[in-house]
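Working notes, structure below.
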Amino acid sequence: MRTRQKVKAIILKTENRALAKKPMLRKHNKLPRHTRSWGLALLIGVACGMALSSVSAQGGLPIKAPAASFTIEGKEYRIADFKERRLMLWFLSTWCSSCIQAVKALEARKSKLEAYGLQVVVLKNHGNGGYPGPEIHDFINQYAASLSKTPNWMIGNATAEMGNTYNPRRYPGIYFLTDETGMLGSVDGAPAASLDVIMNFASGNAAQG
Amino acid sequence: MEICLQALKTVFRSRRYQALAAASFALFLMLYLMTLPSAFTGGRVGFIALPFLTMELAVWSVVMAALISIITTFVVFLVRQGMAVSKASTVGGVIGGVVGPVLCCSPVLPVTLSFIAGVYPALIGPSAWALQGFIATHQTELFTTATLLLVVAFWQNARRIEAAPNCAVLPQADN
């Protein structure tokens, strides 16, 4: 009987020692499968976010700006009409936070942009990027009212055809910088975060931008 | 509430845990300060996002970083005690707080949706594109949900800490 108790005590001691060992603790505290999956998904998401953290693209540029037309206040314009001028063609969605920041930032520099002679064409994405929001003129009047009266600014709505040509992936905001020869030299998603590129392009120092 | 205060007292009695909490707070605060304004930068994360920081985003960053640093310290304490920890709500809170601003107005969702639409067109309807707009216009609600999830994680782990003395494996007395 005593021997049996002694054996039991030894077994208990061994079990307690084993529990205190690291490999056992690790096994005990191993993350549940769903938590690991979430963690993995988060890591992949962050990695993708880092890899694609902006629409910015310089590879494969410059190219000839694709032909497209749009209508502002009943008048039809073609991209080719802006030859011999530096052009910023900007598609935005009126719910997009980066677009709000961008109109404010560009309004603060409107005198310089006007002095450089940069033509800015702002078009609301066809379908507003898939989510409802204010009309383009209401949006501009709300965040940067003076832009609607600035001569080098044109504000309107993109057609489906133009959206498919310039923004087939339906980014909430994307802009294109096209030089006097109609060559498209720069693409980015957030003007507020790439103001130096826009200012350099407008001033004629696109190479440095 | 009492459980939470008691757990804080139990854990932060040790200087090592105080140091761990301070270090993780600094780390997570930087992470949030550089991530939350990314909705204004087209998804760019890092020092480039700092100039776009608003007072509201700074407050959210401090609140979420403080909660995560406390939860991290609690988790380390519980693991060292050989106890199970609550992680699901913490992961939910971190995802809700960080991924929301990154997804809004960045190319991540459009690229992903375009890819899926290219492979399985039937899966992606027009409403799928509304997701980004929803995230962009419900930022405050997303941050609130993320913070609530972190509060739940904090409370769950505090409860475990308070239960620790009863659940810990004690050495068996020799007969």
From the Cα centre of the range B:101-129 to that of the range A:142-209, the distance in Å is 23
Quick note, the range A:144-196: a/c under 1.5 would make it rounded; otherwise a/b > b/c is prolate and the rest oblate (a ≥ b ≥ c, C-alpha gyration tensor); here it is rounded
Quick one: compute a quarter of the convex hull surface over the Cα atoms of the range B:75-121 and quote it in nm².
-> 5.1
By what distance, in whole Å, do the Cα atoms of the range B:40-175 stretch along each of the three principal axes, largest value first?
-> 72, 40, 24
Just need the relative contact order of chain B here, percent rounded to a whole number, with Cα pairs under 8 Å and 6+ apart.
-> 31
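Kindly rank A:121-129, B:45-53 from highest to lowest mean number of other beta carbons found within 10 Å of each residue. It would help to have the intermediate numbers written out before the result.
Working: A:121-129: 23.7, B:45-53: 16.0.
Highest-to-lowest ranking by the protection proxy: A:121-129, B:45-53.
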Residues other than A:THR94 with Cβ under 9 Å of its Cβ, Lys/Arg counted +1 and Asp/Glu -1, net out at -1
Mind listing, in residue-number order, the residues in the range A:79-103 that have at least 40 Å² less accessible area with every protein chain present than in their own chain alone (1.4 Å probe)?
-> A:TRP95, A:SER97, A:SER98, A:GLN101
Sorted by average packing, counted as other Cβ atoms within 10 angstrom per residue and highest first, what order do A:152-165, B:94-107 take?
-> B:94-107, A:152-165
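Convex hull over the Cα atoms of the range A:62-123, averaged projected area in nm²?
So the mean shadow area of the Cα hull is 5.4 nm².
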Averaged over A:176-189, number of beta-carbon atoms from partner chains that fall within 10 Å = 1
Compute the accessible area of each residue in the range B:101-149 twice, once for its chain alone and once with every protein chain present, using a 1.4 Å probe on heavy atoms, and list those whose area falls by at least 20 Å².
-> B:CYS105, B:PRO107, B:VAL108, B:PRO110, B:VAL111, B:SER114, B:TRP129, B:ALA130, B:GLN132, B:GLY133, B:ALA136, B:THR137
Using a 1.4 angstrom probe, figure out how much accessible area chain B has per residue, in square angstrom, rounded to the nearest whole.
-> 49
For chain B, the helices passing both cut-offs (Cα extent along own axis of 24 Å or more, Kyte-Doolittle mean at least -0.5, full DSSP H runs) are B:15-35, B:55-80, B:139-167
For the range B:1-84, the Cα convex hull volume per residue in Å³ comes to 113
Solvent-accessible area per residue, Å², over the range A:72-176 with all protein chains present [probe radius 1.4 Å] | 44
Does any residue of the range B:44-69 lose at least 50 Å² of accessible area with all protein chains in place compared with its chain alone, and if so which ones (probe 1.4 Å)?
-> B:ARG44, B:PHE52
Note: A vs B interface, total accessible area buried (1.4 Å probe; ligands, DNA, RNA excluded), nearest 100 Å², is 3200
Rounded percent of accessible protein surface that carbon and sulfur make up, chain B, 1.4 Å probe = 70
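The values are calculated or read from the model by the stated rules, or taken from the named source; none is laboratory data. Only a predicted model underlies this, so the values are computations on that prediction, with no experimental measurement involved. Virtual Cβ from ideal backbone geometry, glycine too; neighbours counted across all protein chains shown. For the accessible areas, the whole protein counts, side chains as well, though only heavy atoms, and no ligand, DNA or RNA atoms are used. Shrake-Rupley method; radii C 1.70, N 1.55, O 1.52, S 1.80 Å.
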